[in-house]
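Structure, as structure tokens:
The values are calculated or read from the model by the stated rules, or taken from the named source; none is laboratory data. Fair warning: this is a prediction, and the values are worked out from it, not measured in the lab. Counting neighbours? That spans all protein chains shown, and the Cβs are built from the backbone with ideal geometry, glycine included.
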Amino acid sequence: MSVDGEVRRLKSEEDEPGWEVDPDDDWGVAVIATVGRQLKLRREAVGMRAAEFGEAVGYGEDLVYKIEGGKRIPRGEYLDKADEVLDAGGLISAMKEDVAKVRYPKKVRDLAQLEAKAVEIGVYECNIIAGLLQTLEHARTLIEARQPPYSPDDVERMVAARMDRQSVFDRDPAPSLSFVLEEAPLRREVGGTMVWREQLERLLEVGRLRNVTLQVMPTKSDAHPGLDGRIELLKFADGTAVARSDGAFNGRPVSDLKQLRILELRYGTIRAQALPMRESLAFIEQLLGET
């Protein structure tokens, strides 16, 4: 078999790490089982064998069977190609949105759904750069450093989920976003000098957006109410809100008005003690200049 005079190598399981279905995610299992069943029915309806279909979409026969059996999450491009090969008129491609969500761990998926609806997001991070601000390689380095370590598949799954959450920056109308980051994580060369520089450049890029306020908390600052851990505040168009803090209410999300006010007070105090936005961006530029 050849394409444009070159041997065509079909994708195998080794080429597709991080696309297994989480057996503990009931919703995800159901979605992928349904998608797989529809793919199989449509393939059989046009009289294509699995090997023939796999060749047409660029996947090995074994992976085709696993996707149809609900054991593997198909990529978006796989669904698009399948739609074309099976002449499905867009019905298979339409499954991409739900399928994409399945790849992400349930906890992260729930958070991403909340962030996608929020009109205001406020985040304070004390030990790392906030996930919404991380570059791909910075995120990968942090996730690979976890102990006990994640499997390679889980690393890919977590990295993809973290990057997907950043679609919040592409929303229209744009939400109001504010971040307060501690100085120490900004100085830590996570992933080496080049990855660190790219991360600082990303912070400057995001920090200059009209709907973003990015502040730095200097190491020499006095004690503040965020020293117990991260705080995240999410406010929605209907006036409701959700907040979470590592140092309050056992770290669980809260929506009770009294508890929300406590976390809003803490976050407001942190922002008041941090460097103003212009000085914060200048500080990050200074760090870049030191490399």
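Restricting region 42-83 to residues that are closer than 18 Å to Glu97 by Cβ and free of Cβ contacts under 8 Å to residues at least 12 places away in the same chain, the residue that is surrounded by the fewest Cβ atoms within 10 Å (Cβ to Cβ) is Glu77.
In region 163-176, how many are farther than 30 Å from Pro225 by Cβ and either in contact with an Asp or Glu (Cβ under 8 Å, 6 or more places away or on another chain) or surrounded by 15 or more Cβ atoms within 10 Å (Cβ to Cβ) (or both)? Even if it seems obvious, please write down each step before you answer.
As a first pass, look at region 163-176 and keep what is farther than 30 Å from Pro225 by Cβ: 163-164, 167, 170, 172-173.
Narrowing further to those that are either in contact with an Asp or Glu (Cβ under 8 Å, 6 or more places away or on another chain) or surrounded by 15 or more Cβ atoms within 10 Å (Cβ to Cβ) (or both): 163-164.
So the answer is 2.
Annotation: of all residues in region 268-285 being hydrophobic (A, V, I, L, M, F, W, C) and part of a helix (DSSP H, G or I), the one that is surrounded by the fewest Cβ atoms within 10 Å (Cβ to Cβ) is Ala272.
Scanning region 63-103 for residues that are outside any loop (DSSP other than H, G, I, E, B), closer than 15 Å to Ser12 by Cα and not charged (D, E, K, R) turns up Leu63, Val64, Tyr65, Ile67, Tyr78. Within region 194-211, can one find any residue that is over 22 Å from Gln286 (Cβ atoms) and not polar (S, T, N, Q)? Within region 194-211, one or more residues are over 22 Å from Gln286 (Cβ atoms) and not polar (S, T, N, Q). Note on region 186-206: residues that are within 15 Å of Val123 (Cα to Cα) and surrounded by fewer than 20 Cβ atoms within 10 Å (Cβ to Cβ) amount to 1. Scanning region 125-141 for residues that are crowded, with 18+ Cβ neighbours inside 10 Å, not in a loop (DSSP other than H, G, I, E, B) and not small (Gly, Ala, Ser) yields Glu125, Leu132, Leu133, His138, Arg140, Thr141.
The residues of region 246-267 that are surrounded by 13 or more Cβ atoms within 10 Å (Cβ to Cβ), at negative phi, without any contact (Cβ under 8 Å) to a residue 40 or more places away in the chain and not aliphatic (A, V, I, L, M), listed by number, are Asp246, Gly247, Pro253, Gln259, Glu264.
Of everything in region 12-41 that is at pLDDT below 80 and over 18 Å from Glu97 (Cα atoms), the residue that is surrounded by the most Cβ atoms within 10 Å (Cβ to Cβ) is Glu16. Please determine whether any residue of region 195-208 is outside any helix (DSSP H, G or I) and within 25 Å of Leu136 (Cα to Cα). Yes, some residue in region 195-208 is outside any helix (DSSP H, G or I) and within 25 Å of Leu136 (Cα to Cα). For region 142-162, residues that are surrounded by fewer than 16 Cβ atoms within 10 Å (Cβ to Cβ) and assigned to a helix (DSSP H, G or I) total 3. Since Pro152 meets every condition but one in (1) within 16 Å of the chain's Cα centre (by Cα); (2) in the same structural domain as Asp170 (by TED's automatic domain parsing); (3) farther than 24 Å from Leu203 by Cα; (4) in contact (Cβ under 8 Å) with a residue 40 or more places away in the chain, which condition does it not meet? Every listed condition holds for Pro152 apart from (1).
Restricting attention to region 159-215 and to residues that are free of Cβ contacts under 8 Å to residues at least 40 places away in the same chain and among the polar types (S, T, N, Q), the residue that is nearest to Ile270 (Cα to Cα) turns out to be Asn211.
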